[in-house]
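Student: Structure provided below as structure tokens; questions to follow.
Just so it is clear, none of the values below were taken in a lab; they were calculated from the coordinates. Because the structure is predicted, anything quoted here is derived from the model rather than measured. A quick note on method: Cβ atoms are made from the backbone with ideal geometry, for glycine too, and the neighbour counts reach across all protein chains shown.
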Amino acid sequence: MKIKRTISCIIFPLIIILLIGVFGEFLTPKSTNRYYILENDPHYSEDYDVQIYGSCHSYTSFNPVKFYENTGIRSYVYGNPGEIIPTTYVRMAEKFKENPPKVALVETWGINPYETYDATEKILGDYLTSNIERLPYSKEKNEVLRDFELDVFQMNFPLARYKDRLLDESLTDVDMYYEFENTKNYNSDYVFNEMTSRLKYYGYKSNPSRDISDYPQRQNYIEEDEYRKIEDNITKYIYKIIDLCEKYDVELIFYRSPYTSTKNELRKLNHLREICNERGITFIDLEEVIDYDYTADFYDYQHLSLKGANKSTELLELLIMNALEKNSK
């Protein structure tokens, strides 16, 4: 009897936990969560020696197809729109447990959630929660949740967060099961035009460029020595990314993709340069070293077009190949 009672005490809680997980997965919105779509890409879980992380600027500045054509090396862009550096750290920590790459690139828009072209409330509300909720339970994830005052329980148990969706009739057929072709029919161009092209070639192929020939006049400029400290809760995770790469013997490259930046964003970039110089990490600002054509290389004032991404990829390719050579020694 004692053995049966013990087994029951173990099995019953496990069944409850399993049911919570199943219902939580069922209620989590799949139709507007880019990360959910991304992780269901059949190529997502494969092994890649070159991994790219960051915000939407990561997949509009790096073309894995172009990189493969030039080098024969497969790569994958794991970035998501509005993703800030702390979330990038959690995602890298999870991927490194499964498959640490030889080289990791981190695009740097995510150091600026407090001053950029999107409102802070949107970045730390909509973007942060949707980007981190899909990541599995871990001490790294929970640390970020606490640092940004998010509910650790709700962000790890979707049933607690989304239970009201059963009552308010917000569930649709695309929430019942995942099928990308079916999900594309959901009325949300915000997600699906982007994701369709992004997943087609293991990465992102942006729409035709627009004429933004006045970009140089819109862009802000600062002196080389102008400096502004990055906020502590962001700086903390820059160092954690560096430490993570050192732990797994991964060559790390930070890079900035061009977009109309505030002066304070550019000043904070100088703080990041300083951190990278102190730790011996490669850093490059693509806008400083590439002669972009503003009538062809940009999709809009914040993102590169496919032509611009190919230019960026060719330059980053040189840094990646040097890093791979260094890693092999």
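Student: Distance between Cα centroids, the range 263-283 to the range 59-112: provide it in whole Å.
Tutor: Taking the Cα centre of the range 59-112 as reference, the centre of the range 263-283 is 19 Å away.
Student: Right, something else. Beyond a 21 Å Cα-Cα separation, which of these cross-linked pairs lie in this structure: K102/K240; K247/K311; K240/K311; K95/K268? Don't skip to the answer; put the middle values down first.
Tutor: On the way: K102/K240 18 Å; K247/K311 32 Å; K240/K311 30 Å; K95/K268 28 Å.
Correct reply: K247/K311; K240/K311; K95/K268.
Student: Calculate, in nm to one decimal, what Y114 and E231 gain on full extension: separation in residues at 0.36 nm each, minus their alpha carbon distance. Let's see the in-between values first.
Tutor: On the way: separation 117, 0.36 × 117 = 42.12 nm, distance 0.85 nm.
Additional length available on full extension: 41.3 nm.
Student: Could you list the residues of the range 34-53 with an amide nitrogen less than 17 Å from a label point located 7 Å from the Cα of E94 in the Cα-to-C-beta direction?
Tutor: Answer for the range 34-53: 34-48, 51-53.
Student: Please give the FRET efficiency for E224 paired with E246, using the beta carbon to beta carbon distance and R0 = 25 Å, rounded to the nearest 0.05. Each step should come with its number before you reach the end.
Tutor: Working: r = 28 Å, r/R0 = 1.13.
After rounding to 0.05, the efficiency reads 0.35.
Student: Can I ask one more? Using θ = phi - 60° and the Karplus curve 6.51 cos²θ - 1.76 cosθ + 1.60, what whole-Hz ³J(HN,Hα) does each residue of the range 78-92 get, with Gly and Pro shown as x?
Tutor: Once θ is set to phi - 60°, the couplings for the range 78-92 become 9, x, 9, x, x, 6, 9, 3, x, 5, 4, 4, 4, 4, 5 Hz.
Student: How would you order 113-121, 139-147, 301-309, 126-134 from highest to lowest mean count of nearby Cβ atoms within 10 Å? If you can, show how the numbers build up before the last one.
Tutor: Values: 113-121: 15.4, 139-147: 17.4, 301-309: 21.9, 126-134: 20.2.
My ranking of the peptides, most packed first, is 301-309, 126-134, 139-147, 113-121.
Student: Length gain on complete extension for the stretch R279 to R74, per 0.36 nm per residue less the alpha carbon to alpha carbon distance? Numbers along the way, then the final one.
Tutor: Numbers: separation 205, 0.36 × 205 = 73.80 nm, distance 2.78 nm.
This chain segment gains 71.0 nm when fully extended.
Student: May I pose another question? Say R0 is 51 Å: what FRET efficiency, to the nearest 0.05, do V289 and F153 get from their beta-carbon distance? If you can, show how the numbers build up before the last one.
Tutor: Details: r = 46 Å, r/R0 = 0.90.
Once rounded, the FRET efficiency stands at 0.65.
Student: Classify the range 29-328 as rounded, prolate or oblate, taking a ≥ b ≥ c as the square roots of the eigenvalues of its Cα gyration tensor: rounded when a/c is under 1.5, otherwise prolate if a/b is larger than b/c and oblate if not. Intermediate values should be presented prior to the final figure.
Tutor: On the way: a/c = 1.37, a/b = 1.27, b/c = 1.08.
In terms of gyration-tensor shape, rounded.
Student: So, one more: Can you pull out the chymotrypsin sites (Phe, Trp or Tyr not before Pro) in the range 128-162 whose DSSP state is coil and whose Cβ has at most 14 other Cβ atoms within 10 Å? Walk me through the numbers on the way to the answer.
Tutor: Working: sites: Y137, F148, F153, Y162; in loops: Y137, F148.
The qualifying sites are Y137.
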